[in-house]
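Only the coordinates and a few stated rules stand behind these numbers; no lab work does. Remember, predicted model here, so these are calculated numbers, not experimental data. Don't worry about glycine lacking a Cβ; one is built from the backbone with ideal geometry, like all the others, and counts go over all protein chains shown.
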Amino acid sequence: MATLFILSAPSGAGKTTVAERVLNELEGIRKVVTATTRKPRPGERHGVDYLFLTEEEFKKGIEEGRFLEYANVYGNYYGTPKDQVEKNMKEGYDSLLVIDVQGAFKVKSMMPSAVTVFLLPPSMEELKRRIENRGFRDENLQTRLKTAEGEIPCVKFFDYVIVNDFIDKAVLYLKSIIIAKRCERDSVLRNIGKILPGKEIAELIKGGECYVKET
């Protein structure tokens with residue numbers, strides 16, 4: 001059974017960088033490409049980094065129910081395409097959705113089995129430095145920092161929390177969460193016939209009895 005993993009964080013905390021590393025280093029998981037009406041930044045590619053849509057195209061998608069969730073963030077629309085998650089699950093791939101806190105709560109309410117992960121910056125000063133390094137200053141910087149002050153307390157409602165003080169550690173922790181979820185008993189037993197090359201152990205698990213009677 002494939003799982004939807006939701007990675008959320010304040011702007012500038014490093015969620016996109018961590019996610020890209022995990023997607024490159026871990027098999028069996030695909031990125032959910034977010035749709036947006038904002039303009040591409042240098043180096044960004046349509047269909048890879050984002051699905052860049054016009055406002056008219058995005059609103060048509062809303063009317064047709066194509067999004068799991070959508071919101072207007074900093075003056076631009078962002079939305080999670082429903083068909084990508086459905087396709088990944090049908091084909092047995094886990095999905096990684098990188099999204100803001102508001103969107104994370106909306107998707108979780110629609111898909112309670114999704115696993116939510118919050119990426120914390122080590123300090124507000126470091127968060128400010130990272131946002132500035134991305135080219136956001138003055139009014140835009142203050143807006144993002146103010147938003148972060150409202151988002152960080154939401155960490156209490158996420159399944160897992162990772163502090164992104166060192167990128168390698170944050171990547172390792174997120175990979176560990178995904179791998180641990182794949183090793184949960186119900187998930188393994190549900191797919192035991194596909195996981196094991198032989199049938200004997202699968203048949204023992206299905207029809208055998210545990211010799212420890214106290215369980």
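Miscellaneous remarks
- Ranking of Leu172, Leu4 by count of other Cβ atoms within 10 Å, fewest first: Leu172, Leu4
- Only helices enter the 222 nm calculation for the chain: every DSSP H run of n ≥ 4 contributes -39,500 (n - 2.57), and dividing by all residues gives -13000 deg cm²/dmol, rounded to 500.
- Restricting region 140-197 to chymotrypsin sites (Phe, Trp or Tyr not before Pro) in coil, as DSSP defines it, with at most 16 other Cβ within 10 Å: Phe166
- Taking 23 Å as the limit for the C-alpha separation, the pairs Lys87/Lys108; Lys39/Lys108; Lys15/Lys106; Lys15/Lys60; Lys87/Lys199; Lys108/Lys128 exceed it in the case of Lys39/Lys108; Lys15/Lys60; Lys87/Lys199; Lys108/Lys128.
- Cα centroid separation, region 107-162 to region 63-94 (Å): 20 Å
- Beta bridges per DSSP, both residues in the chain: antiparallel share near 30 percent.
- For the chain, the longest piece that avoids every one of the GluC sites (Glu not before Pro) found in DSSP loops with at most 14 other C-beta atoms within 10 Å covers 92-183.
- 10 Å Cβ shell holding at most 11 others, DSSP loop, trypsin sites (Lys or Arg not before Pro): longest site-free stretch of the chain: 46-136
- Sorted by Cβ density within 10 Å, fewest first, the residues Asp49, Asp168: Asp168, Asp49
- Put in order of Cβ neighbour count within 10 Å, fewest first, the listed residues Met111, Met124 become Met124, Met111.
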